[in-house]
Structure formats: structure tokens, C-alpha cells
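Notes follow the structure.
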Amino acid sequence: MNIQEIIAKKRDKQELSKEEITYFVTNYTNGTISDYQAAALTMAIYINGMTEEETTNLTLEMAHSGDILDLSEFGIVVDKHSTGGIGDKVTLILAPIIASLGIPVAKMSGRGLGYTGGTIDKLEAIPGYQTNITIQEFRKNVGTIGISLMGQTLNLAPADKKLYALRGTIAATESIPLISSSIMSKKIAAGANKIVLDVTCGSGAFMKELSQATQLAETMKKIGKLAQKETVCIITSMEEPLGETVGNSLEVIEAVQALQGKMTEDVQEVVFTLGAYMMKLAGKGDNIEENKQEMLTQIQNGKAFEKLKELIQAQGGDISYIENLELLPKAKYVIPLLGAKCGYVKKLNAKGVGEVSMHLGAGRMKKEDSIDPAVGIVLKKKIGDKIEENEVLAYIYANREEDGKKAVKQLANCYEIVEERIEKKSGILRII
Ligand code: URA
């Protein structure tokens, strides 16, 4: 067997055997297969697709390319993952709520590559917070306070780490077999027994159409079943950014305020729906509406916010920044974007907003780029909102005045304002 034959087979739309997939994953992980050969095969998969059996074999091989965490000492652990979005601060809000209900949260999150930071970048906006902890500290925190959020520093699914980075450089990210195997291999390696997936759909997501998002969700659910990890997929809208903020410390502020009871409706809908299914999978209640009510109670009684503080303290973060949000990094310039005419917001292009925030420094263009935690965007008007002339649509937070002025112009192009009334739509598109 050799890699040229495997590439040629996929190029010619043939099905790869389990042995061929094993050969590729093993030898790419250990460096025998080069990046350019892997790129050729990846692009052939992107163009010609994979059967369900091939996708499952690729997932399981990638999952076993490194260590598999055993979290059985904590009972039922429900993991959560998103296929990615703009303004996605869901984990920061959801994880403490779930942990405050006595359901263990042992989660590894990623850094962002592209438009905005990932959960790890957001947590690092809190001075002192350590995302790079050892597995012993991770277990200790889950055991003592019921929650730990760390970066992907362990040797879990290393094949995915290499392949995901490679895909980003060759325009081969938006592929159903490649996304499903990437996400599910990490989830299987990370040791949870049950999985809730937020499959985003719309202009700011990999899947632009509901039919594609549904196919991705169904593929991941089937892989979960084969791996004996019950999986629920919630397809959520990413037509516009989620919530009010895009940018790392701005999103931490929004998350903290959400845990203090001030949560935008769209964020609440996504957080409560994902959480209610996590509770169900954890055996904490079959009634989704009652579960949402319990989550709300954890916010109202302050326990969810307390859990966030416990987490930050346990991982070395300074909780004074959370108790007094004014202390978090602040951008030098806050520039308003004013509406040019009155009417209703019909569109707010999520991808466009993501690009603006990336150019401000909230995201990375290249893996090596550093992130500016202070910059970003606060969206005061979203789809369906009424606008008066000269009303503020959004604020740009910039550290360089020139960047800020440019961003205001770019952000204006993300809004489409029309005269007729626009209804707000539910952010939950489908549950699979
Ligand atoms: N998130 C992942 O972890 N992998 C993908 O391929 C896409 C989103």
C-alpha cells in the first residue's frame, strides 16, 4: 500500500478501505506522509466526498491516533461542541450553569482560527486564567468543583490537530465528512459518554443551508451511535452573530452579565436549549421546558455565577476582573456606527461582522497571530430591530483609530435596512 495509490483512488471517486484509511492516519500523524500528500488526499475527499462507512472509519482512526481520556470516575459526563460561529460565547455561560446543577463539566476547548477567538482566547482575557493545565489539575478541578475548561494541550486526536490546521490552509474546511470526523474524533478521545452538538447554519457558519447542516448533524449523530456515545445535535442560526458582542473581553463581559441575569433573548434560547438537552442526556430530567426553568433558577439564585468564579479561581484567574468588569482590558477608541436611515434591520451579515472583528485584532488570520483581547464590536441593533435616523447601530472597539474608522465603514456594509417591518425568527432551526 502507498499514499499515491490511496490519493488516486479517492481522486477517481472510489471508496477507501478501512486499511487504507488506517494507513493514511497512522503515517500522516507520525510524519511519514507529507503535508502535500495529505493535502492532495484531503482535497480529493473534499471534492468527491466519503461514504458513511469511510467517514466512520476516518473518525475512529483519528480518535485513536493519540490518547483516549477515561473520565469514568466522574459518572456521566456530557460534552458540548459547536461547529463554530461569530459571537459564540455559549460555553462560557452554559458550562457554569450545567456544573452548578451537579453535572460534571470536563471540557477541552479550542483557540479560534479565523474570524474571532475561541473559548480559550476568551478565557485568557481574564488575567491569570490558565488554560494550559496538566491532566492531573484538570481531573482535580472536575473532582472538587465539578468543572474544568482547558485548552487542547493533551495528546488527544493528534491526527485531527494536523489535518484541521492543514484544511484551513488549503480551503478544505467546509466538508461534511471532514468536519464530522474532526469533531467526533475529538469528542470520542475526550472521554465524555454523551455529546450535545451545536451545529451552526447561515452566513457565519461552515454550513450555509439547512439541508447541509441537517446532513452534517445526521452524520455526527450516526457516528456517535456507533461509538456508543449518545449524541443530540441542535441546529442553530448563524445568519447574524449570536448575542450583542463579538471580541474576547467584550464576550467575557456579556457572558458574566448573562450569568448575573442579563441575557439577550437569542443567547438565552441557544444556551437553554443546549443545556436542557445536556441535562436530559445526563439523566437529570426528560422534560425540556422544566430543564430550562431549572437553568434559569441557577442564574437567579446566583449559583451559576458562583460556579464561574470557582472555576476561574481554581485555574489561577483573578476574579476581581469578573466582580468588577471595568477592570477587563478596554480598547482606546469606542466609535459608534449610526444608522443612515430609519427602518428595520433585515440582514446583519455574520461573516462580514466576523471579518471586521478579525481585522480589528479580535481573531487570527494566521495560527501564529496574537489576539488583542480588548477590541471588537458591540451590536446594539440586530435583525428585526427598529431603527430611527442617526440611532446607534453598533460600537466599534479599536486600539488604533485608523482601524476603528475603517471598521465602522465595513460594518455599515453588513447591515441591510428596509422600510417594512421584519419579524425576529427563532435561533433554533432543528433538533436531531
Ligand atoms: N470544528 C472542528 O473542530 N472541526 C471542524 O472541522 C470544524 C469545526
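The values are calculated or read from the model by the stated rules, or taken from the named source; none is laboratory data. Predicted model only: the values in this text are computed from it and were never measured. Quick reminder, even Gly has a Cβ in these numbers, built from the backbone with ideal geometry, and neighbours come from all protein chains shown. Side chains included, ligands, DNA and RNA excluded: accessible areas come from the protein's heavy atoms. Shrake-Rupley method; radii C 1.70, N 1.55, O 1.52, S 1.80 Å.
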Probe 1.4 Å, protein heavy atoms only - accessible area per residue of the chain in square angstrom:
42 Å²
Residue farthest toward the positive end of the dipole of segment 317-432, with Cβ of Lys/Arg at +1 and Asp/Glu at -1: which of His359, Asn390, Asn413?
Asn413
Pop out the carbon and sulfur fraction of the accessible area of segment 1-93 as a percent, whole number, probe 1.4 Å.
50 percent
With an 8 Å cut-off on Cα pairs and a minimum separation of 6 or more residues, tell me the relative contact order of segment 4-139 in percent.
17 percent
Quick note, segment 1-109: a/c under 1.5 would make it rounded; otherwise a/b > b/c is prolate and the rest oblate (a ≥ b ≥ c, C-alpha gyration tensor); here it is prolate
Any GluC sites (Glu not before Pro) in segment 28-72 that lie in a DSSP loop and have at most 13 other Cβ atoms within 10 Å would be none
Treating the angle as unsigned and between 0 and 90°, give the value, to the nearest 10°, between the Cα long axis of helix 401-412 and the longest Cα principal axis of the chain.
80 degrees
Name the residues whose placed amide hydrogens come within less than 5 Å of the amide hydrogen of Lys80, ignoring near sequence neighbours (fewer than 5 apart) on the same chain.
Val196
In degrees rounded to 10, the 0-90 angle between helix 303-314 Cα long axis and the longest Cα principal axis of the chain is 60 degrees
Measuring from its Cα centre, segment 145-291 shows a charge dipole (+1 at each Lys and Arg Cβ, -1 at each Asp and Glu Cβ) which, in debye to the nearest 20, is 980 debye
With the 8 Å Cα cutoff and a minimum separation of six or more residues, the chain has a relative contact order in percent of 20 percent
Checking segment 371-432 for GluC sites (Glu not before Pro) in a loop per DSSP with at most 15 other beta-carbon atoms within 10 Å yields Glu388, Glu389, Glu391, Glu419, Glu420, Glu423
For segment 183-333, with all protein chains present and a 1.4 Å probe, just round the carbon and sulfur fraction of the accessible area to a whole percent.
46 percent
Rh (Kirkwood, all Cα-Cα pairs) for segment 109-236, Å, reads 16.0 Å
How many angstrom lie between the Cα centre of segment 272-324 and the Cα centre of segment 127-190?
22 Å
Can you tell which of Val267, Gln315, Thr231 lies farthest toward the positive end of the dipole of segment 219-322, using +1 and -1 charges on the Cβ of basic and acidic side chains (Lys, Arg; Asp, Glu)?
Thr231
Hey, how much of the P(r) for the chain falls beyond 33 Å, as a percent of Cα pairs?
33 percent
Members of Lys13/Lys186; Lys330/Lys424; Lys222/Lys292; Lys13/Lys366; Lys161/Lys225 lying beyond 29 Å, as alpha-carbon distances in this model show
Lys330/Lys424; Lys13/Lys366
